Amino acid sequence: MWRVELDRLPTCMALKIRNCNFGSLMCGLCNNEEETVEHLFCSCTMAMDVWYHVGVWCKSPSVFLFDIKDIFELHKMTGFCKERRSTFKGIVSITWWILWKTRNDTVFNKEKPNIEKIVQNIKDLSFLWYRVKKKKDVITWDKWCCFDIV
Ligand SMILES: [Zn+2]
């Protein structure tokens, strides 16, 4: 996230601006538009689908992202209590990471991105993160899958 905030994520367009050309400039997830940070995390159809499913899972209000800054502020717009808001902020960070990792797997390992798999990876990794953060078994997998926390 800090690399995104500093505009230092090596997307295809960012590399082109730095005179590093590796072929296609198209988005690694959807292959429909040029890959910029804003496209990859906000307007990409794959990313929008993932944000939708994360929002439904976490029972947050509808997610509309127009700019990268909207993602940094997303947890503040949920109306959640402090504990849920903090957890949701962590899930948003993990969602960014999984989207970027999926993009890299698609570009470099020729894997086909799959919405269900991406959302499942977000749930899996965030469950582990939450349990480590809480330092004890405070939640079951079934409750986590319903975002039934505190
Ligand atoms: Zn895309």
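The values are calculated or read from the model by the stated rules, or taken from the named source; none is laboratory data. Quick caveat, the model's predicted, so the values are computed rather than measured. FYI the Cβ positions are ideal-geometry reconstructions off the backbone, even for glycines, and counts take in every protein chain you see.
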Query raised in the report: Do we find a residue being among the polar types (S, T, N, Q), within 16 Å of the ligand (Cβ to nearest atom) and under 30 Å from CYS146 (Cβ atoms) anywhere in the range 51-74?
Result: no
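Suppose we filter the range 1-37 for residues that are of a type in the set (Ser, Thr, Tyr) and either surrounded by 14 or more Cβ atoms within 10 Å (Cβ to Cβ) or under 15 Å from the mean Cα position of the chain (by Cα) (or both); how many remain?
2
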Query - Selection from the range 38-50 of residues that are more than 6 Å from the ligand (Cβ to nearest atom) and over 12 Å from the mean Cα position of the chain (by Cα) - result: GLU38, SER43, THR45
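Across the range 114-126, what is the total count of residues that are more than 12 Å from VAL54 (Cα to Cα) and either at pLDDT below 95 or loosely packed, with under 15 Cβ neighbours inside 10 Å (or both)?
First pass over the range 114-126, keeping only residues more than 12 Å from VAL54 (Cα to Cα): 114, 117, 124-125.
From what is left, the residues that are either at pLDDT below 95 or loosely packed, with under 15 Cβ neighbours inside 10 Å (or both) are 114, 117, 124.
The total comes to 3.
Which of the following residues is farther than 28 Å from TYR130 by Cα, assigned to a helix (DSSP H, G or I), among the β-branched types (Val, Ile, Thr) and in contact (Cβ under 8 Å) with a residue 12 or more places away in the chain: VAL54, VAL107, VAL50, VAL4? Before the answer, list the steps.
Details: VAL54 fails: farther than 28 Å from TYR130 by Cα; VAL50 fails: farther than 28 Å from TYR130 by Cα; VAL4 fails: farther than 28 Å from TYR130 by Cα.
From the options VAL54, VAL107, VAL50, VAL4, the qualifying one is VAL107.
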Report task. Residues being over 17 Å from ASP7 (Cα atoms) and aliphatic (A, V, I, L, M): count how many of those fall in the range 66-86. Result -> 2
